[in-house]
1. Looking at P44, is it exposed (fewer than 11 other Cβ atoms within 10 Å of the Cβ), without any contact (Cβ under 8 Å) to a residue 40 or more places away in the chain and farther than 29 Å from V6 by Cβ?
2. Which pairs do you get when a residue that is over 17 Å from K68 (Cα atoms), found in region 79-102, comes within reach of a residue that is in a loop (DSSP other than H, G, I, E, B), reach meaning Cβ atoms under 8 angstrom, with the pair 6+ apart or on two chains?
3. From K84, K34, which residue is closer than 30 Å to V8 by Cβ, exposed (fewer than 13 other Cβ atoms within 10 Å of the Cβ) and either out of contact with any His (no Cβ under 8 Å at 6 or more places or on another chain) or at pLDDT 95 or above (or both)?
Amino acid sequence: MIPLRVIVGEDSFMSTKFRIQYTPTIMMLDGDGKELYREVGFHPLEEFVPMLMLGIGKAYTNANRCDKALKILTKLIDRYPASKSIPSAASLKEFCLKRLPP
């Protein structure tokens, strides 16, 4: 993961290219710059890591890598059972389980 700080208003090229209107905006991109996941707004510190893990799980799922998605989603569910990301993680995990070969 490579962090990039874009200051809206000062870097209009990046703001426009990635449609950043509000800060903070957390995005995950593939190697070609295609958006895989986006979260907008502030998150409490205890929700930040689970939110990133969910984003990684979604990115793997979108890349047809359910094997890798299941690993990260299982860690998320096991390590952060009280997180607000759990319902989405559980749903995505169920989706991936159905897509894996028997």
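The values are calculated or read from the model by the stated rules, or taken from the named source; none is laboratory data. The structure presented is a predicted model; accordingly, all values stated were derived computationally and were not measured. Every residue, glycine among them, receives a Cβ derived from its backbone with ideal geometry; neighbour counts consider all protein chains shown.
1. no
2. Hits for this filter: I86/Y80.
3. K34
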